Amino acid sequence: MFESLAAEAPDPLLALIAAYREDPRPDKIDLGVGVYRNANGDTPIMQAVKAAEQTLWQTQTTKAYLGAHGDIEYSAAVRDMVFSDTVDPALIAMMQTPGGTGGLRIAADLYKVTCPEGKIWVGLPTWPNHLPVFSAAGLSIRELPYFDVASQGLQLDAMIDGLREARAGDAVLLHGCCHNPTGADLSLEQWRRIGELLAERELLPIIDMAYYGLGQGLEEDLAGARLLMASMPELIVVSSCSKNFGIYRDRLGSIFAKTRSPEAAAKVHATLGSISRRSYSMPPDHGAAVVRSILHSPDLRRIWREELDAMRDDLNGLRQRLATEGSDLGLEAVGAQFGMFSTLRLSPEQVRTLREAHGVYMAGSGRINIAGLNEETVPLFLQALRAVH
Ligand code: LMR
């Protein structure tokens, strides 16, 4: 029977990993999938993570099941870091999830069982996997403008106008910071405007927090979302530890739902547990145990923050270089964007030529992972861009 399956194309972002690996050219440049790379092109394990893993190896006495919600103390530590004092913890239901993507799927499942007829509104462009994850959960999706690649400008007025058609109870996906794929983040004033509209129209924000700490600073990256955490009666936040702790393959994330009452929080807690149980039973433990140890230890937490700050400074330094040295290519906007990604004004044809003729790998949309560059490859990349312009 399997021969009747439609032949599905591999995920385009993940396919780039394999294509890059197979390219024998020594001067190839990988600006594809969103992982941090240091000046040598490596994605090292953070020292805070290594130290926590060592202690874990020495002290962990059992690997017996933890339960459908995973490590509760890990989720509580992330909750305190992300929400700070914006919300009474008794109003927040939470669960450890398999990565941020797993958290998004759980968020979609939770929304679907809560509001079976609801729609989710998504600003474009967005991370290419958002739409498949939401539609796989059976959500109906409405698209909105968010960013215009040609002018490198936010389309906030158009987004807000589009949202006026949303019905009370509809959900709205927002990127907490380090917008993927454009790096174009909202200012606090813009968060406030969106928050007012969401409250007025009784819409449910679902905030994807995948890259916090890699934009303007840990606290700064959370500040906009915290305005909504404080002001909205209900919202969902999905957090990922893949990038800011560099534990991509350990698959660690969390979902948090702010509810109107401790009774509602208890109901969401139970629903999250049953979604987990019927999907994958319970999340993997290793990453959660590591991040819990880091967040609970003042020393490891300080080391982690220093390492995170260094990654962010590196990204922002590369952004400034691209903006200055690539001003003839219209790259100034890259210097005012944040996180790993920017989307350049490139046609699919130019993206293909960059890959085939120059060994520069990036997403078909023209999205680049800034962290794939270093001091030596910035000029080579700009040279390749000039060659295709
Ligand atoms: C990306 O956008 O490159 C990352 O979030 C990795 C992924 O899973 O797509």
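Quick note: the coordinates plus some simple rules give every number you see, no bench work behind them. Keep in mind it's a predicted model, so treat the numbers as computed, not measured. When we count neighbours, we look across all protein chains shown, and the Cβ atoms used for this are built from the backbone with ideal geometry, even at glycine.
Can you give me the P(r) profile for the range 106-252? Cα pairs, bins 5 angstrom wide beginning at 0, each as a whole percent. Reading upward from the zero bin: 2, 9, 20, 23, 23, 15, 7, 1, 0.
For the residue pairs LYS50/LYS267; LYS63/LYS267; LYS63/LYS119; LYS119/LYS267; LYS112/LYS243, the alpha carbons lie more than 30 Å apart in LYS50/LYS267; LYS63/LYS119. Relative to the current alpha-carbon distance between ASP157 and ALA230, full extension at 0.36 nm per residue lengthens the span by 23.9 nm.
Contour minus end-to-end for GLU219 and TRP57, with contour as 0.36 nm per residue of separation and end-to-end as the Cα-Cα distance?
55.2 nm
In the chain, the calculated helix contribution to ellipticity at 222 nm averages -14500 deg cm²/dmol per residue, counting -39,500 (n - 2.57) for every DSSP H run with n ≥ 4.
Tell me whether the range 22-179 comes out rounded, prolate or oblate; compute the Cα gyration tensor, take square roots of the eigenvalues as a ≥ b ≥ c, and use a/c under 1.5 as the rounded threshold.
Oblate shape, in that a/c is at least 1.5 and b/c is the bigger or equal ratio.
Post the alpha-carbon centroid distance, the range 198-235 to the range 1-24, in whole angstrom. The distance from the Cα centre of the range 198-235 to that of the range 1-24 comes to 34 Å.
Indicate the gyration tensor shape class of the range 63-130 (rounded, prolate or oblate), computed on the Cα atoms with a ≥ b ≥ c the square roots of the eigenvalues: a/c under 1.5 is rounded; otherwise a/b larger than b/c is prolate and the rest oblate. In terms of gyration-tensor shape, prolate.
Label-to-label distance for ALA168 and ILE72 is 3.5 nm, based on points extended 7 Å past Cα in the beta-carbon direction.
Nearest-5 percent of antiparallel DSSP beta bridges in the chain? Roughly 45 percent of the beta bridges in the chain run antiparallel, per DSSP. Please say if the range 179-294 is rounded, prolate or oblate, where rounded means a/c under 1.5 for a ≥ b ≥ c the square roots of the C-alpha gyration tensor eigenvalues, and otherwise the choice is prolate for a/b larger than b/c and oblate otherwise? Because a/c hits 1.5 or more and a/b fails to exceed b/c, the range 179-294 counts as oblate. Annotation: for a label point projected 7 angstrom from Cα along Cα→Cβ of ASN40, residues of the range 366-389 with backbone N closer than 19 Å are 371-378.
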